[in-house]
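The values are calculated or read from the model by the stated rules, or taken from the named source; none is laboratory data. None of these values were measured; they are calculated from a predicted model. Cβ placement follows ideal geometry from the backbone for every residue including glycine, while neighbour counts extend to all protein chains displayed. These area figures cover heavy atoms from the full protein model, side chains too; ligands, DNA and RNA do not enter into them. Shrake-Rupley method; radii C 1.70, N 1.55, O 1.52, S 1.80 Å.
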Amino acid sequence: MMETKSATIECPHCGHSMHISIDYSNGDQDYFEDCPNCCNNVHISLHMNETKRRIDICVMSDDEQVY
């Protein structure tokens, strides 16, 4: 059974608002989508927080570096 929700995120490259559909039936996920405005890859990481009964979404760019 496919369980989906929709969310609005902001592109980390250009700030454009993107509407995404989240399929949370497969648990934690890590994937990429292209921004429709600037065409750069947007890294989306989903974590199913079952304790708090919510979905945590982390949006990153491909070129982020940790210092």
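Solvent-accessible area of the chain (1.4 angstrom probe, protein heavy atoms only): carbon and sulfur portion equals 44 percent. With a cut-off of 14 Å between beta carbons, the residues surrounding residue 6 carry a summed charge of -2, where Lys and Arg count +1 and Asp and Glu -1. With a cut-off of 10 Å between beta carbons, the residues surrounding residue 18 carry a summed charge of -3, where Lys and Arg count +1 and Asp and Glu -1.
In percent, rounded to a whole number, the relative contact order of the chain is 25, using alpha-carbon pairs under 8 Å and six or more apart. For the chain, 39, 58 stand unpaired, since no other cysteine beta carbon lies under 4.7 Å from theirs. Taking every protein chain into account, the accessible area of the chain amounts to 74 square angstrom per residue (probe 1.4 Å).
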